[in-house]
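Written out below as structure tokens is the structure these notes cover.
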């Protein structure tokens, strides 16, 4: 037996003992139950509204996080070979990439050519660096920026 049914039976018995009309007692109990049902509906509606608000807030947070990740990574469009010079291989996205350079080239986009000891140090030393920024380690008997002077 449910609590409502028990209390309803108790109210009927009490009303009978007090001489109340049965129809009047049933009508009062019907009103009480309708009020309780209405209160329960209101509580359920409030809970649904709160859940919907929470879902919307979480959607917004996820969207903000996604935007932050995309901004950090630079989008998802993959880079192409055109991002790198001298037949370098591009790895990453358009906004965040690394070029794998062919032998003989270096730099962020493979724009620098590695120096050549024969060409850049006149064959008289060891060339270290690129053609735009090099250092010649001259052999014994030679000096100068490109080992051009005999000692």
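The values are calculated or read from the model by the stated rules, or taken from the named source; none is laboratory data. All of these numbers come straight from a predicted model, not from anything done at the bench. Every residue, glycine among them, receives a Cβ derived from its backbone with ideal geometry; neighbour counts consider all protein chains shown.
A few comments on the model shown:
- Meets criteria (part of a loop (DSSP other than H, G, I, E, B), surrounded by 10 or more Cβ atoms within 10 Å (Cβ to Cβ) and under 39 Å from the mean Cα position of the chain (by Cα)) for residue 85: yes
This table checks each residue for (1) at pLDDT below 80; (2) touching a helix residue (DSSP H, G or I) at 6+ places or on another chain (Cβ under 6 Å); (3) outside any helix (DSSP H, G or I).
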residue: 45; (1), (2), (3): no, no, no
residue: 48; (1), (2), (3): no, no, no
residue: 52; (1), (2), (3): no, no, no
residue: 56; (1), (2), (3): no, no, no
residue: 61; (1), (2), (3): no, no, no
residue: 64; (1), (2), (3): no, no, no
residue: 68; (1), (2), (3): yes, no, no
residue: 75; (1), (2), (3): yes, no, yes
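- Candidates are the residues of the range 107-132 that are within 29 Å of residue 83 (Cα to Cα) and in a strand (DSSP E or B); the one that is farthest from the chain's Cα centre (by Cα) is 127.
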